[in-house]
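Peer 1: Input: one structure, supplied below.
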Amino acid sequence: MICIPIGDWFLARSEAFKILMMKFRDHKIYTKTAFSKVKSKHNQYDQALKEHKERIEEMEKILSSLKEVTPFKIKKKKTNNYD
(Lines give C-alpha, C1' and ligand atoms only; values in the text may rest on other atoms or scores of the structure.)
Protein backbone atom coordinates (compact mmCIF):
# COMPACT_ATOMS: atom_id res chain seq x y z
CA MET A 1 0.00 0.00 0.00
CA ILE A 2 2.86 2.38 0.71
CA CYS A 3 4.53 1.60 -2.63
CA ILE A 4 1.92 3.48 -4.69
CA PRO A 5 2.13 6.83 -2.84
CA ILE A 6 5.94 6.67 -2.79
CA GLY A 7 6.01 5.85 -6.50
CA ASP A 8 3.65 8.73 -7.23
CA TRP A 9 5.80 11.04 -5.16
CA PHE A 10 8.95 10.04 -7.06
CA LEU A 11 7.14 10.30 -10.37
CA ALA A 12 5.77 13.75 -9.52
CA ARG A 13 9.25 14.94 -8.58
CA SER A 14 10.93 13.75 -11.78
CA GLU A 15 11.71 16.24 -14.55
CA ALA A 16 10.73 13.83 -17.33
CA PHE A 17 7.26 13.45 -15.85
CA LYS A 18 6.88 17.24 -15.57
CA ILE A 19 7.94 17.65 -19.20
CA LEU A 20 5.45 14.96 -20.29
CA MET A 21 2.66 16.65 -18.36
CA MET A 22 3.51 20.06 -19.88
CA LYS A 23 3.50 18.54 -23.38
CA PHE A 24 0.19 16.83 -22.66
CA ARG A 25 -1.29 20.11 -21.40
CA ASP A 26 -0.06 21.96 -24.50
CA HIS A 27 -1.43 19.25 -26.77
CA LYS A 28 -4.78 19.42 -25.01
CA ILE A 29 -4.93 23.22 -25.41
CA TYR A 30 -3.94 23.07 -29.10
CA THR A 31 -6.54 20.39 -29.77
CA LYS A 32 -9.28 22.44 -28.12
CA THR A 33 -8.39 25.56 -30.10
CA ALA A 34 -8.20 23.60 -33.36
CA PHE A 35 -11.62 22.06 -32.80
CA SER A 36 -13.12 25.40 -31.82
CA LYS A 37 -11.73 26.94 -35.05
CA VAL A 38 -13.24 24.12 -37.10
CA LYS A 39 -16.56 24.49 -35.28
CA SER A 40 -16.68 28.25 -35.89
CA LYS A 41 -15.93 27.74 -39.62
CA HIS A 42 -18.66 25.11 -39.77
CA ASN A 43 -21.12 27.52 -38.16
CA GLN A 44 -20.15 30.23 -40.66
CA TYR A 45 -20.78 27.86 -43.58
CA ASP A 46 -24.12 26.81 -42.09
CA GLN A 47 -25.11 30.46 -41.70
CA ALA A 48 -24.15 31.22 -45.30
CA LEU A 49 -26.11 28.21 -46.57
CA LYS A 50 -29.19 29.28 -44.62
CA GLU A 51 -28.96 32.80 -46.04
CA HIS A 52 -28.64 31.45 -49.59
CA LYS A 53 -31.59 29.14 -49.04
CA GLU A 54 -33.73 32.03 -47.81
CA ARG A 55 -32.75 34.13 -50.83
CA ILE A 56 -33.55 31.31 -53.23
CA GLU A 57 -36.95 30.75 -51.62
CA GLU A 58 -37.66 34.48 -51.86
CA MET A 59 -36.70 34.52 -55.54
CA GLU A 60 -38.89 31.47 -56.20
CA LYS A 61 -41.85 33.27 -54.61
CA ILE A 62 -41.20 36.34 -56.76
CA LEU A 63 -40.94 34.25 -59.91
CA SER A 64 -44.12 32.36 -59.13
CA SER A 65 -45.98 35.63 -58.58
CA LEU A 66 -44.76 37.00 -61.92
CA LYS A 67 -46.43 34.42 -64.11
CA GLU A 68 -46.45 35.58 -67.67
CA VAL A 69 -49.85 36.07 -69.22
CA THR A 70 -50.27 34.04 -72.36
CA PRO A 71 -51.15 36.22 -75.33
CA PHE A 72 -54.46 35.52 -76.99
CA LYS A 73 -55.18 35.71 -80.69
CA ILE A 74 -57.83 37.99 -82.12
CA LYS A 75 -59.76 36.30 -84.86
CA LYS A 76 -61.21 38.26 -87.67
CA LYS A 77 -64.91 38.13 -88.05
CA LYS A 78 -66.00 35.97 -90.91
CA THR A 79 -67.97 37.77 -93.53
CA ASN A 80 -70.61 36.13 -95.59
CA ASN A 81 -69.88 36.75 -99.21
CA TYR A 82 -72.90 36.12 -101.35
CA ASP A 83 -71.91 35.98 -104.97
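The values are calculated or read from the model by the stated rules, or taken from the named source; none is laboratory data. Source: prediction; values computed, not measured. Just so you know, the surface numbers come from the protein's heavy atoms only, side chains and all, with ligands and any DNA or RNA stripped out. Shrake-Rupley method; radii C 1.70, N 1.55, O 1.52, S 1.80 Å.
Peer 1: What tally of residues in the range 4-18 results from selecting those that are open to solvent by less than 70 Å² (accessible area, probe 1.4 Å) and of a type in the set (A, V, I, L, M)?
Peer 2: Of the residues in that region, 2 qualify.
Peer 1: For the range 21-53, which residues satisfy the criterion of being β-branched (V, I, T) and farther than 29 Å from L11 by Cα? So that I can check it myself, show each step before the final result.
Peer 2: Quick first cut of the range 21-53, residues β-branched (V, I, T) only: 29, 31, 33, 38.
Scanning the range 21-53 gives T33, V38.
Peer 1: Checking V38 against (1) of a type in the set (V, I, T); (2) at pLDDT 95 or above; (3) open to solvent by 100 Å² or more (accessible area, probe 1.4 Å), which single condition isn't satisfied?
Peer 2: Exception for V38: condition (3).
Peer 1: Still on this structure: Please specify each residue of the range 1-53 satisfying the condition of being among the small types (G, A, S) and not in a helix (DSSP H, G or I). Talk me through it step by step, then tell me what you get.
Peer 2: At the first step, the residues of the range 1-53 found to be among the small types (G, A, S) are 7, 12, 14, 16, 34, 36, 40, 48.
S14, the sole residue that qualifies.
Peer 1: Restricting attention to the range 41-78, and to residues there that are open to solvent by less than 100 Å² (accessible area, probe 1.4 Å) and among the β-branched types (V, I, T), which single residue is modelled with the lowest pLDDT?
Peer 2: I62
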